[in-house]
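As C-alpha coordinates, the structure follows; a few thoughts come after it.
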Amino acid sequence: MRSGHRLGRPFGWLWGAYGASALGTWLAFGSFELIAIRVLHAGTAEVAVLASVGAAVGAAVAVPLGPWVEFRRKRPVLVAMDLVRFAALLTIPAAFALGVLTFVQLLLVSIVVAAADIAFRAASGAYLKTLVAAEDLLVAGARFESTAWTTTIIGPPLGGAAIGLLGPVATVVADGISYLLSALGVRATGGHEPRPERREAPRVRASDLLDGWRYILADRTLRPLFFNTALFNGLVMAAQPLLAVLMLGRLGFTPWQYGLAFAAPSIGGLLGSRLARPLVARFGQRRVLVVSGALRAVWPFGLAFVGPGTGGLVLVMGVELGLIFCCGVFNPVSSTYRLERTATDRVARTLTAWAVTTKGTTALLTALWGVLGTLLGPRTAIALAGVLLLATPLFLPRRTRTSPTTTEAAPEHV
(Lines give C-alpha, C1' and ligand atoms only; values in the text may rest on other atoms or scores of the structure.)
Protein backbone atom coordinates (compact mmCIF):
# COMPACT_ATOMS: atom_id res chain seq x y z
CA MET A 1 0.00 0.00 0.00
CA ARG A 2 1.79 3.09 -1.15
CA SER A 3 2.15 5.87 1.38
CA GLY A 4 -0.30 8.76 1.18
CA HIS A 5 -2.76 7.04 -1.17
CA ARG A 6 -5.94 9.09 -0.72
CA LEU A 7 -9.42 7.75 -1.25
CA GLY A 8 -11.27 10.95 -0.46
CA ARG A 9 -13.01 12.49 2.54
CA PRO A 10 -16.24 10.43 2.23
CA PHE A 11 -14.25 7.21 2.42
CA GLY A 12 -12.34 8.62 5.39
CA TRP A 13 -15.60 9.14 7.29
CA LEU A 14 -16.79 5.64 6.37
CA TRP A 15 -13.48 4.19 7.47
CA GLY A 16 -13.67 6.07 10.77
CA ALA A 17 -17.22 4.86 11.31
CA TYR A 18 -16.10 1.29 10.74
CA GLY A 19 -13.21 1.71 13.19
CA ALA A 20 -15.52 3.05 15.91
CA SER A 21 -18.01 0.20 15.61
CA ALA A 22 -15.27 -2.45 15.33
CA LEU A 23 -13.60 -1.20 18.49
CA GLY A 24 -16.92 -1.23 20.33
CA THR A 25 -17.59 -4.78 19.19
CA TRP A 26 -14.26 -6.03 20.49
CA LEU A 27 -14.58 -4.07 23.75
CA ALA A 28 -17.81 -6.00 24.35
CA PHE A 29 -16.47 -9.33 23.09
CA GLY A 30 -18.08 -12.11 25.14
CA SER A 31 -20.11 -9.67 27.23
CA PHE A 32 -23.47 -11.32 26.50
CA GLU A 33 -22.17 -14.67 27.70
CA LEU A 34 -20.67 -13.06 30.81
CA ILE A 35 -23.93 -11.28 31.60
CA ALA A 36 -25.83 -14.54 31.15
CA ILE A 37 -23.44 -16.37 33.50
CA ARG A 38 -22.69 -13.74 36.14
CA VAL A 39 -25.89 -11.71 36.22
CA LEU A 40 -28.59 -14.19 35.16
CA HIS A 41 -26.80 -17.34 36.43
CA ALA A 42 -27.42 -19.16 33.16
CA GLY A 43 -26.20 -22.70 32.64
CA THR A 44 -24.06 -24.21 29.90
CA ALA A 45 -27.02 -25.02 27.65
CA GLU A 46 -28.39 -21.47 27.85
CA VAL A 47 -25.00 -19.96 27.05
CA ALA A 48 -24.67 -22.29 24.05
CA VAL A 49 -28.11 -21.23 22.85
CA LEU A 50 -27.17 -17.56 23.21
CA ALA A 51 -23.96 -18.06 21.25
CA SER A 52 -25.37 -20.09 18.36
CA VAL A 53 -29.13 -19.71 18.10
CA GLY A 54 -29.03 -15.92 18.34
CA ALA A 55 -26.72 -15.69 15.34
CA ALA A 56 -28.64 -18.33 13.37
CA VAL A 57 -32.07 -16.76 13.92
CA GLY A 58 -30.61 -13.31 13.23
CA ALA A 59 -29.31 -14.62 9.91
CA ALA A 60 -32.74 -16.01 9.04
CA VAL A 61 -34.41 -12.72 9.95
CA ALA A 62 -31.95 -10.90 7.67
CA VAL A 63 -32.89 -12.92 4.56
CA PRO A 64 -35.63 -10.50 3.34
CA LEU A 65 -33.41 -7.50 4.07
CA GLY A 66 -31.23 -8.13 0.99
CA PRO A 67 -33.87 -7.26 -1.62
CA TRP A 68 -35.14 -4.46 0.64
CA VAL A 69 -31.67 -2.87 0.87
CA GLU A 70 -30.93 -3.31 -2.84
CA PHE A 71 -33.49 -0.78 -4.05
CA ARG A 72 -32.81 1.93 -1.47
CA ARG A 73 -30.09 4.48 -1.01
CA LYS A 74 -27.40 2.79 1.02
CA ARG A 75 -26.28 5.64 3.29
CA PRO A 76 -29.68 5.98 5.06
CA VAL A 77 -29.78 2.20 5.44
CA LEU A 78 -26.34 2.22 7.08
CA VAL A 79 -27.37 4.95 9.49
CA ALA A 80 -30.63 3.16 10.29
CA MET A 81 -28.90 -0.17 11.02
CA ASP A 82 -26.40 1.57 13.30
CA LEU A 83 -29.24 3.25 15.19
CA VAL A 84 -31.13 -0.05 15.46
CA ARG A 85 -28.09 -1.70 17.01
CA PHE A 86 -27.53 1.28 19.30
CA ALA A 87 -31.13 1.22 20.55
CA ALA A 88 -31.23 -2.57 20.95
CA LEU A 89 -28.01 -2.71 22.96
CA LEU A 90 -29.01 0.15 25.23
CA THR A 91 -32.09 -1.79 26.36
CA ILE A 92 -29.76 -4.15 28.24
CA PRO A 93 -28.22 -1.63 30.68
CA ALA A 94 -31.65 0.00 31.04
CA ALA A 95 -33.27 -3.32 32.00
CA PHE A 96 -30.32 -4.16 34.26
CA ALA A 97 -30.65 -0.84 36.10
CA LEU A 98 -34.37 -1.49 36.61
CA GLY A 99 -33.75 -5.06 37.75
CA VAL A 100 -35.84 -6.63 34.96
CA LEU A 101 -33.15 -8.04 32.68
CA THR A 102 -33.93 -11.57 31.46
CA PHE A 103 -32.26 -14.22 29.33
CA VAL A 104 -35.01 -13.88 26.72
CA GLN A 105 -34.15 -10.20 26.33
CA LEU A 106 -30.48 -11.03 25.82
CA LEU A 107 -31.45 -13.55 23.15
CA LEU A 108 -33.79 -11.12 21.37
CA VAL A 109 -31.16 -8.37 21.37
CA SER A 110 -28.56 -10.76 19.95
CA ILE A 111 -31.00 -11.65 17.14
CA VAL A 112 -31.74 -8.00 16.32
CA VAL A 113 -28.04 -7.08 16.35
CA ALA A 114 -27.12 -10.08 14.15
CA ALA A 115 -29.80 -9.21 11.57
CA ALA A 116 -28.88 -5.50 11.55
CA ASP A 117 -25.21 -6.42 11.20
CA ILE A 118 -25.91 -8.46 8.05
CA ALA A 119 -27.99 -5.66 6.53
CA PHE A 120 -25.25 -3.16 7.36
CA ARG A 121 -22.58 -5.30 5.72
CA ALA A 122 -24.66 -5.72 2.60
CA ALA A 123 -25.37 -1.99 2.31
CA SER A 124 -21.77 -1.00 3.10
CA GLY A 125 -20.37 -3.16 0.30
CA ALA A 126 -22.72 -1.57 -2.21
CA TYR A 127 -22.02 1.91 -0.82
CA LEU A 128 -18.27 1.40 -0.99
CA LYS A 129 -18.52 0.79 -4.75
CA THR A 130 -20.02 4.28 -5.12
CA LEU A 131 -17.34 5.98 -3.00
CA VAL A 132 -14.10 4.68 -4.49
CA ALA A 133 -12.91 3.81 -7.98
CA ALA A 134 -12.75 0.15 -8.97
CA GLU A 135 -8.94 0.18 -8.94
CA ASP A 136 -8.99 1.41 -5.33
CA LEU A 137 -11.28 -1.27 -3.91
CA LEU A 138 -8.33 -3.38 -2.74
CA VAL A 139 -6.74 -0.38 -1.01
CA ALA A 140 -10.03 0.30 0.77
CA GLY A 141 -10.48 -3.35 1.69
CA ALA A 142 -6.94 -3.57 3.08
CA ARG A 143 -7.56 -0.51 5.25
CA PHE A 144 -10.75 -2.01 6.65
CA GLU A 145 -8.92 -5.27 7.28
CA SER A 146 -5.99 -3.60 9.06
CA THR A 147 -8.46 -1.68 11.21
CA ALA A 148 -10.29 -4.89 12.07
CA TRP A 149 -7.10 -6.57 13.27
CA THR A 150 -5.93 -3.47 15.15
CA THR A 151 -9.17 -3.33 17.11
CA THR A 152 -8.87 -7.08 17.70
CA ILE A 153 -5.50 -6.47 19.36
CA ILE A 154 -6.50 -3.59 21.62
CA GLY A 155 -10.23 -4.19 22.15
CA PRO A 156 -10.38 -7.40 24.25
CA PRO A 157 -7.69 -6.31 26.78
CA LEU A 158 -9.41 -2.95 27.26
CA GLY A 159 -12.78 -4.65 27.44
CA GLY A 160 -11.47 -7.15 29.98
CA ALA A 161 -10.17 -4.32 32.15
CA ALA A 162 -13.51 -2.50 31.86
CA ILE A 163 -15.40 -5.65 32.81
CA GLY A 164 -13.15 -6.13 35.82
CA LEU A 165 -13.70 -2.54 37.00
CA LEU A 166 -17.28 -1.84 35.95
CA GLY A 167 -18.86 -5.18 35.02
CA PRO A 168 -19.92 -6.67 31.68
CA VAL A 169 -22.91 -4.34 31.26
CA ALA A 170 -20.52 -1.37 30.93
CA THR A 171 -18.95 -2.82 27.79
CA VAL A 172 -22.41 -3.25 26.25
CA VAL A 173 -22.94 0.48 26.80
CA ALA A 174 -19.61 1.16 25.07
CA ASP A 175 -20.60 -1.06 22.17
CA GLY A 176 -23.93 0.74 21.81
CA ILE A 177 -22.24 4.15 21.81
CA SER A 178 -19.81 2.94 19.16
CA TYR A 179 -22.76 2.32 16.82
CA LEU A 180 -24.03 5.83 17.47
CA LEU A 181 -20.59 7.19 16.55
CA SER A 182 -20.63 4.99 13.46
CA ALA A 183 -24.01 6.42 12.43
CA LEU A 184 -22.65 9.95 12.79
CA GLY A 185 -19.58 9.03 10.73
CA VAL A 186 -21.65 7.49 7.93
CA ARG A 187 -23.92 10.52 7.89
CA ALA A 188 -20.87 12.78 7.61
CA THR A 189 -19.81 11.12 4.34
CA GLY A 190 -22.30 13.50 2.69
CA GLY A 191 -22.60 13.79 -1.06
CA HIS A 192 -25.51 12.86 -3.27
CA GLU A 193 -26.16 9.17 -3.63
CA PRO A 194 -28.33 8.36 -6.66
CA ARG A 195 -31.46 6.37 -5.94
CA PRO A 196 -31.19 2.80 -7.30
CA GLU A 197 -33.42 2.06 -10.25
CA ARG A 198 -36.70 0.61 -9.05
CA ARG A 199 -38.03 -2.56 -10.58
CA GLU A 200 -41.64 -2.83 -11.62
CA ALA A 201 -42.83 -4.93 -8.68
CA PRO A 202 -43.52 -2.59 -5.73
CA ARG A 203 -43.12 -5.29 -3.08
CA VAL A 204 -40.59 -7.96 -2.29
CA ARG A 205 -41.82 -11.29 -3.61
CA ALA A 206 -40.99 -14.66 -2.05
CA SER A 207 -38.85 -15.56 -5.07
CA ASP A 208 -36.82 -12.37 -4.62
CA LEU A 209 -35.45 -13.71 -1.33
CA LEU A 210 -33.34 -16.23 -3.22
CA ASP A 211 -31.89 -13.78 -5.76
CA GLY A 212 -28.57 -13.48 -3.93
CA TRP A 213 -28.05 -17.24 -3.81
CA ARG A 214 -29.08 -17.68 -7.44
CA TYR A 215 -26.58 -15.02 -8.47
CA ILE A 216 -23.73 -16.61 -6.52
CA LEU A 217 -24.40 -20.22 -7.44
CA ALA A 218 -24.64 -19.48 -11.17
CA ASP A 219 -21.29 -17.67 -11.25
CA ARG A 220 -18.38 -20.01 -11.98
CA THR A 221 -15.92 -17.98 -9.92
CA LEU A 222 -18.09 -16.69 -7.07
CA ARG A 223 -19.59 -20.12 -6.39
CA PRO A 224 -16.39 -21.88 -5.25
CA LEU A 225 -15.30 -18.86 -3.20
CA PHE A 226 -18.72 -18.85 -1.54
CA PHE A 227 -18.42 -22.48 -0.45
CA ASN A 228 -14.80 -21.99 0.59
CA THR A 229 -15.65 -19.02 2.81
CA ALA A 230 -18.65 -20.65 4.48
CA LEU A 231 -16.84 -23.92 5.22
CA PHE A 232 -13.58 -22.35 6.30
CA ASN A 233 -15.17 -19.81 8.66
CA GLY A 234 -17.59 -22.39 10.03
CA LEU A 235 -14.94 -25.01 10.80
CA VAL A 236 -12.50 -22.52 12.33
CA MET A 237 -15.16 -21.01 14.58
CA ALA A 238 -16.63 -24.41 15.50
CA ALA A 239 -13.31 -25.47 17.00
CA GLN A 240 -12.87 -22.32 19.13
CA PRO A 241 -15.19 -23.28 22.03
CA LEU A 242 -13.55 -26.71 22.21
CA LEU A 243 -10.12 -25.11 22.31
CA ALA A 244 -11.31 -22.88 25.15
CA VAL A 245 -12.53 -25.92 27.07
CA LEU A 246 -9.23 -27.70 26.46
CA MET A 247 -6.99 -24.78 27.39
CA LEU A 248 -8.95 -23.36 30.31
CA GLY A 249 -9.98 -26.74 31.66
CA ARG A 250 -7.71 -29.73 31.22
CA LEU A 251 -4.51 -27.84 30.40
CA GLY A 252 -4.88 -25.30 33.19
CA PHE A 253 -4.25 -22.06 31.32
CA THR A 254 -5.44 -18.89 33.03
CA PRO A 255 -7.94 -16.55 31.34
CA TRP A 256 -5.24 -13.93 30.69
CA GLN A 257 -3.02 -16.54 29.02
CA TYR A 258 -5.93 -17.68 26.87
CA GLY A 259 -6.66 -14.09 25.87
CA LEU A 260 -3.00 -13.42 25.11
CA ALA A 261 -2.81 -16.53 22.91
CA PHE A 262 -5.33 -14.99 20.51
CA ALA A 263 -4.82 -11.24 20.94
CA ALA A 264 -1.06 -11.07 20.36
CA PRO A 265 -1.06 -13.05 17.06
CA SER A 266 -3.58 -10.59 15.64
CA ILE A 267 -0.61 -8.44 14.69
CA GLY A 268 -0.18 -10.98 11.87
CA GLY A 269 -3.51 -9.85 10.45
CA LEU A 270 -2.37 -6.24 10.53
CA LEU A 271 0.83 -7.15 8.69
CA GLY A 272 -0.96 -9.38 6.18
CA SER A 273 -3.53 -6.72 5.32
CA ARG A 274 -0.77 -4.21 4.60
CA LEU A 275 0.98 -6.68 2.32
CA ALA A 276 -2.14 -7.64 0.37
CA ARG A 277 -1.96 -4.88 -2.24
CA PRO A 278 1.80 -5.13 -2.93
CA LEU A 279 1.45 -8.89 -3.31
CA VAL A 280 -1.43 -8.51 -5.78
CA ALA A 281 0.53 -5.90 -7.72
CA ARG A 282 3.47 -8.29 -8.04
CA PHE A 283 1.86 -11.72 -8.42
CA GLY A 284 -1.70 -11.00 -9.56
CA GLN A 285 -5.06 -11.23 -7.83
CA ARG A 286 -5.89 -14.84 -8.59
CA ARG A 287 -2.54 -16.23 -7.48
CA VAL A 288 -2.58 -14.33 -4.19
CA LEU A 289 -6.19 -15.37 -3.57
CA VAL A 290 -5.47 -19.06 -4.16
CA VAL A 291 -2.11 -19.25 -2.37
CA SER A 292 -3.18 -17.30 0.74
CA GLY A 293 -6.49 -19.19 0.80
CA ALA A 294 -4.69 -22.52 0.66
CA LEU A 295 -2.06 -21.60 3.26
CA ARG A 296 -4.60 -20.44 5.81
CA ALA A 297 -6.14 -23.92 5.79
CA VAL A 298 -2.87 -25.58 6.83
CA TRP A 299 -2.52 -24.02 10.28
CA PRO A 300 -5.58 -25.01 12.41
CA PHE A 301 -4.70 -28.73 12.53
CA GLY A 302 -1.74 -27.80 14.74
CA LEU A 303 -4.09 -26.74 17.54
CA ALA A 304 -4.88 -30.41 18.21
CA PHE A 305 -1.36 -30.83 19.61
CA VAL A 306 -1.47 -28.06 22.21
CA GLY A 307 -0.06 -29.09 25.57
CA PRO A 308 0.26 -27.49 29.01
CA GLY A 309 2.70 -24.82 30.08
CA THR A 310 4.79 -22.36 28.11
CA GLY A 311 5.34 -24.73 25.21
CA GLY A 312 1.61 -25.13 24.67
CA LEU A 313 1.04 -21.39 24.84
CA VAL A 314 3.80 -20.75 22.30
CA LEU A 315 2.34 -23.43 19.99
CA VAL A 316 -1.11 -21.82 20.03
CA MET A 317 0.35 -18.35 19.45
CA GLY A 318 2.48 -19.63 16.57
CA VAL A 319 -0.42 -21.42 14.89
CA GLU A 320 -2.71 -18.41 15.33
CA LEU A 321 -0.03 -16.04 14.03
CA GLY A 322 0.34 -18.05 10.81
CA LEU A 323 -3.42 -18.47 10.41
CA ILE A 324 -4.21 -14.81 11.03
CA PHE A 325 -1.42 -13.58 8.76
CA CYS A 326 -2.78 -15.64 5.87
CA CYS A 327 -6.31 -14.44 6.63
CA GLY A 328 -5.04 -10.86 6.71
CA VAL A 329 -3.79 -11.27 3.14
CA PHE A 330 -6.75 -13.33 1.91
CA ASN A 331 -9.67 -11.33 3.31
CA PRO A 332 -9.20 -7.97 1.52
CA VAL A 333 -8.28 -9.71 -1.74
CA SER A 334 -11.36 -11.93 -1.43
CA SER A 335 -13.74 -9.07 -0.60
CA THR A 336 -12.37 -7.00 -3.50
CA TYR A 337 -12.70 -9.95 -5.87
CA ARG A 338 -16.28 -10.49 -4.73
CA LEU A 339 -17.25 -6.82 -5.26
CA GLU A 340 -15.58 -6.76 -8.68
CA ARG A 341 -17.39 -9.92 -9.75
CA THR A 342 -20.82 -8.72 -8.59
CA ALA A 343 -23.00 -6.46 -10.74
CA THR A 344 -23.63 -3.11 -9.09
CA ASP A 345 -27.38 -3.64 -8.86
CA ARG A 346 -26.92 -7.05 -7.20
CA VAL A 347 -24.38 -6.23 -4.48
CA ALA A 348 -26.76 -5.93 -1.50
CA ARG A 349 -28.62 -9.15 -2.28
CA THR A 350 -25.39 -11.03 -2.95
CA LEU A 351 -23.66 -9.86 0.24
CA THR A 352 -26.77 -10.61 2.29
CA ALA A 353 -26.90 -14.16 0.96
CA TRP A 354 -23.18 -14.50 1.61
CA ALA A 355 -23.41 -13.29 5.21
CA VAL A 356 -26.55 -15.27 6.01
CA THR A 357 -24.95 -18.48 4.74
CA THR A 358 -21.68 -17.86 6.57
CA LYS A 359 -23.38 -17.10 9.89
CA GLY A 360 -25.83 -19.97 9.52
CA THR A 361 -23.08 -22.44 8.65
CA THR A 362 -20.98 -21.26 11.58
CA ALA A 363 -23.89 -21.67 14.00
CA LEU A 364 -24.70 -25.16 12.66
CA LEU A 365 -21.11 -26.39 12.72
CA THR A 366 -20.52 -24.91 16.19
CA ALA A 367 -23.50 -26.87 17.53
CA LEU A 368 -22.37 -30.04 15.71
CA TRP A 369 -18.81 -29.77 16.98
CA GLY A 370 -20.13 -29.27 20.50
CA VAL A 371 -21.74 -32.70 20.20
CA LEU A 372 -18.59 -34.19 18.64
CA GLY A 373 -16.49 -32.68 21.42
CA THR A 374 -18.70 -34.37 23.99
CA LEU A 375 -18.58 -37.74 22.24
CA LEU A 376 -14.96 -37.80 21.04
CA GLY A 377 -13.25 -35.33 23.33
CA PRO A 378 -12.23 -31.75 22.48
CA ARG A 379 -8.77 -32.62 21.13
CA THR A 380 -10.10 -35.22 18.66
CA ALA A 381 -12.88 -32.88 17.52
CA ILE A 382 -10.36 -30.06 16.97
CA ALA A 383 -8.19 -32.43 14.93
CA LEU A 384 -11.19 -33.47 12.83
CA ALA A 385 -11.98 -29.83 12.05
CA GLY A 386 -8.34 -29.32 11.08
CA VAL A 387 -8.39 -32.29 8.70
CA LEU A 388 -11.58 -31.08 7.01
CA LEU A 389 -10.10 -27.60 6.66
CA LEU A 390 -7.30 -29.07 4.57
CA ALA A 391 -9.91 -29.82 1.88
CA THR A 392 -11.31 -26.26 1.69
CA PRO A 393 -8.69 -25.02 -0.86
CA LEU A 394 -10.41 -27.30 -3.40
CA PHE A 395 -13.22 -24.73 -3.48
CA LEU A 396 -11.00 -21.75 -4.34
CA PRO A 397 -11.60 -20.13 -7.76
CA ARG A 398 -9.40 -21.49 -10.54
CA ARG A 399 -10.13 -18.77 -13.10
CA THR A 400 -11.08 -15.12 -13.29
CA ARG A 401 -13.25 -13.21 -15.74
CA THR A 402 -14.10 -9.67 -16.61
CA SER A 403 -16.13 -8.02 -13.84
CA PRO A 404 -19.83 -7.50 -14.63
CA THR A 405 -21.17 -4.04 -13.94
CA THR A 406 -24.83 -4.40 -14.87
CA THR A 407 -27.51 -7.00 -14.61
CA GLU A 408 -27.42 -7.57 -18.35
CA ALA A 409 -23.71 -8.34 -18.31
CA ALA A 410 -24.01 -11.08 -15.75
CA PRO A 411 -26.65 -13.73 -16.45
CA GLU A 412 -24.49 -16.19 -18.36
CA HIS A 413 -22.00 -16.57 -15.52
CA VAL A 414 -24.04 -15.54 -12.48
Please name which of Val61, Ser124, Gly24 has its Cα lying farthest along the dipole of the chain towards the positive end, using unit charges on Cβ (Lys, Arg +1; Asp, Glu -1) and the Cα centre as origin.
Ser124
How much area per residue is accessible in the chain when the probe is 1.4 Å and only protein heavy atoms are counted (Å²)?
45
Give me the percent of accessible area attributable to carbon and sulfur for the chain, probe 1.4 angstrom.
68
So what is the orientation-averaged projected area of the stretch 6-87, using the convex hull of its C-alpha atoms, in nm²?
7.2
When the gyration tensor of the chain is built from Cα positions, what are the square roots of 5 times its three eigenvalues, in whole Å, from largest to smallest?
32, 26, 21
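Would the stretch 133-197 count as rounded, prolate or oblate if I go by the C-alpha gyration tensor, calling it rounded below 1.5 in a/c and otherwise prolate when a/b exceeds b/c, oblate otherwise?
Oblate, because a/c is 1.5 or more while a/b does not exceed b/c.
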Just subtract the alpha-carbon distance of Gln105 and Leu248 from 0.36 nm times their residue separation and send over the number in nm, one decimal.
48.6 nm
Relative to the Cα centre, what is the charge dipole magnitude of the chain, using +1 at the beta carbon of each Lys and Arg, -1 at the beta carbon of each Asp and Glu, and rounding to the nearest 20 debye?
980
Rounded, prolate or oblate (a/c below 1.5 giving rounded, otherwise prolate when a/b exceeds b/c) for the stretch 241-334 by Cα gyration tensor
prolate
With a ≥ b ≥ c the root eigenvalues of the C-alpha gyration tensor of the stretch 1-137, is it rounded (a/c under 1.5), prolate (a/b larger than b/c) or oblate?
prolate
Taking Cα pairs under 8 Å and at least six residues apart, what relative contact order does the stretch 9-106 come out at, in percent?
31
Between Thr380 and Leu166, what FRET efficiency follows from the Cβ-Cβ distance if R0 is 51 Å, with the result rounded to 0.05?
0.80
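The values are calculated or read from the model by the stated rules, or taken from the named source; none is laboratory data. Nothing here was measured: the structure is a model prediction, and the numbers come from that model. Heads up, the Cβs are rebuilt from the backbone with ideal geometry, glycines too, and the neighbour counts pull from every protein chain shown. Surface accessibility is based on the protein's heavy atoms, side chains included, excluding ligands, DNA and RNA. Shrake-Rupley method; radii C 1.70, N 1.55, O 1.52, S 1.80 Å.
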